[in-house]
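Reading through the C-alpha cells given below for one structure.
The values are calculated or read from the model by the stated rules, or taken from the named source; none is laboratory data. All figures in this text were calculated on a predicted structure; none of them were measured in a lab. Ideal geometry is used to build each Cβ from the backbone, glycine not excepted, and the neighbour counts take in all protein chains shown.
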Amino acid sequence: MWIEKTPEELEEDAKRRQRKADKYGFFSFFGFLGFMVLKDKFIGPGGTAGADLEKPISWEEIYSNLFFYVILASFFGFAVYKTIKYKRSGAMICPACGKPASTGKSLICSCGEELKELDKMKWIDS
Ligand SMILES: [Zn+2]
C-alpha cells in the first residue's frame, strides 16, 4: 500500500536531491568550461547561431577570455543545479486504490479519495 513519507524521509529525499544537484552542477560547470576552452583552442570560437567558425585561438587569448568562459559555465552549471534541485515528478497517486494520475486533472481519484504527490509517498508491503 501507499503511505505518506515521514518528515524525516522527506528531509532525507531533499538532502539526497541537494547532493545530486551539487555534484551535477559542479561537473556541468567544469565540463562546460573545459569543453569551451578546448573547442576554442583546437577548433576555434564561433560555430553557434550560424556564425562561421574562426581559427583556433592561443592560450593567451583563452586566458584573457577566461572571465567570459567562467560566466557562461556558471550559467550552465547553475541551470543544471536548479533543474535537479527543484525537479518534481509531478505524478500523483491515489493512496486508497494505488491508481496513478497526472497533475492538472482533478485532485480527487475516481474512487473518491484525495490524490497525493507521488514524491511524498512510498510503497510498503502490507
Ligand atoms: Zn483511488
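For the reader, a short list of remarks on this structure follows.
Residue-by-condition table, conditions (1) of a type in the set (K, R); (2) modelled with pLDDT of 85 or more; (3) under 15 Å from G34 (Cα atoms):
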residue	(1), (2), (3)
L66	no, yes, yes
K82	yes, yes, no
K87	yes, yes, no
A101	no, no, no
K105	yes, no, no
K116	yes, yes, no
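- The selection criterion, being surrounded by 12 or more Cβ atoms within 10 Å (Cβ to Cβ) and under 24 Å from K120 (Cβ atoms), does not hold for A73.
- Index of the failed condition, D125 passing every other in (1) at positive phi; (2) over 22 Å from the mean Cα position of the chain (by Cα); (3) more than 9 Å from the ligand (Cβ to nearest atom): (1)
- G46 fulfils the conditions (1) among the small types (G, A, S); (2) touching a helix residue (DSSP H, G or I) at 6+ places or on another chain (Cβ under 6 Å); (3) more than 27 Å from I84 (Cα to Cα) except for a single criterion, (2).
- Test: residue in region 101-114 that is surrounded by 15 or more Cβ atoms within 10 Å (Cβ to Cβ) and basic (K, R): no
- Filter result for S89 (touching a residue at least 12 places away in the same chain (Cβ under 8 Å), within 17 Å of E4 (Cβ to Cβ) and within 16 Å of the ligand (Cβ to nearest atom)): no
- When A96 is tested against (1) among the small types (G, A, S); (2) more than 16 Å from the ligand (Cβ to nearest atom); (3) over 21 Å from R19 (Cβ atoms); (4) surrounded by 12 or more Cβ atoms within 10 Å (Cβ to Cβ), only condition (2) is not met.
- Residue count for region 13-64, restricted to those that are within 30 Å of L118 (Cβ to Cβ) and among the hydroxyl-bearing types (S, T, Y): 2
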